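Read-outs: derived from the displayed coordinates by stated rules, not from any lab. In this text, all values refer to a predicted model and were calculated from it rather than measured experimentally. Glycine also receives a Cβ, built like all others from the backbone with ideal geometry; neighbour counts cover every protein chain displayed.
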């Protein structure tokens, strides 16, 4: 073999070796998993990026520069967030030329500012991961990385901090920019000592908004009034008529009327009313009475629906006076959406508090792993997190395009009658 051929062959062997060795290392890494490969490559890229920035700030290593304004200062331990935990890494240091001040590399500042730990903790808790199992729910990282911040106490502290901040923001939101057509209010019980009142708003486009929460011992007048006063303070006007849909609590109806007077058109939940009446009846009558009430609520003629319910109450007077009284109590308010002549599909949304019941279901599911409630603030924090989770999936109410204009016109008509001091203004509701 000639000298030229031998040199060419040696070059080919060297080139082949340069290709084979990295491939062998890659194959070894792949056995550990693709995620570890990507993480490891990312850490190496971070090292290169930081060292390149240090070179830009300090100049080439070992090169004399009389005008140099900064100098290398070795490495120091640092912390970065990765996949829901913290990892310790070696951070390149830079100091001013006189050594008086340490400078921060731009990329390190950006990575250090991005702290998704609290968001990660909230997300894991909302999908049912307990603090004890938090670390197991995270994606794996290479074992050589020194990770921490995944203990039960650390995760709990982050969850509390994040949800408390969300709760503070929630209670500070300005509601004046939402043009409301209706407000639905219902309560959610937590044990025997706590009830959370939830206010859900429907705007003039048919979109839903969780307006506020209030924690109290029961749905009494004080708790109801406090929730309404909070909404008013944050921008909900009492000078425009609104359709209020409530579960039937007398304290809530009284609190609404005390603040909106005749501008409040109150719709009692028909499901709650039928349930209350059934509670006063023997088993053999419950089905027939419930069917009669459903027929009345399905009518589109207000007078006929009212007449059917009044006839039902008369039939129950002798044998079951308590059930008859329950039918009569708030009877007119269970028919408000019929009186407003709203489209049937649209009216069904406002005939009950079912939209809030869906919210309550989300809250119950989210809070299912909580074993012991440590006071009302904890309950509100969890409820707030659950409401925000539910609100991200809200959809426009059914038949909004045809029903909302009619509802808004009915509300405006009530306002015109009240502002014009026309007798019978309250007849709309």
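Once R0 is set to 60 Å, what does the formula 1/(1 + (r/R0)^6) return for the Cβ-Cβ distance between residue 103 and residue 328, expressed as a FRET efficiency to the nearest 0.05?
Plugging the Cβ-Cβ distance into 1/(1 + (r/R0)^6) gives 0.15.
Rank by packing, highest mean first: peptides 95-103, 388-396, with packing defined as the count of other Cβ atoms within 10 Å averaged across residues.
388-396, 95-103
So, by mean Cβ neighbours within 10 angstrom, what's the order for 165-175, 55-65 with the highest one leading?
165-175, 55-65
If I stretch the segment between residue 401 and residue 302 completely, what's the gain in nm (0.36 nm per residue apart, minus their alpha carbon distance), one decimal?
33.3 nm
Take residue 291 and residue 169, extend 7 Å from each Cα along the Cα→Cβ direction, and tell me the distance between the two endpoints in nm.
If labels sit at residue 291 and residue 169, their model points lie 5.3 nm apart.
For the ranges 327-335, 397-405, 45-53, what's the packing order if you count other beta-carbon atoms within 10 Å of each residue, average per peptide, and put the highest first?
Ranked from most to least packed, the peptides come out as 327-335, 397-405, 45-53.
What residues of segment 183-219 lie in the reach of a label at residue 358, counting those whose backbone N is under 12 Å from a point 7 Å from the Cα along Cα→Cβ?
It comes to 207-209, nothing else.
Once R0 is set to 30 Å, what does the formula 1/(1 + (r/R0)^6) return for the Cβ-Cβ distance between residue 61 and residue 112, expressed as a FRET efficiency to the nearest 0.05?
0.75
Once you sort the root eigenvalues of the Cα gyration tensor of segment 176-428 as a ≥ b ≥ c, which label holds: rounded (a/c under 1.5), prolate (a/b larger than b/c) or oblate (the other case)?
In terms of gyration-tensor shape, oblate.
From Cα pairs below 8 angstrom and at least 6 apart in sequence, can you work out the relative contact order of segment 176-428, rounded to a whole percent?
For segment 176-428, the relative contact order is 22 percent.
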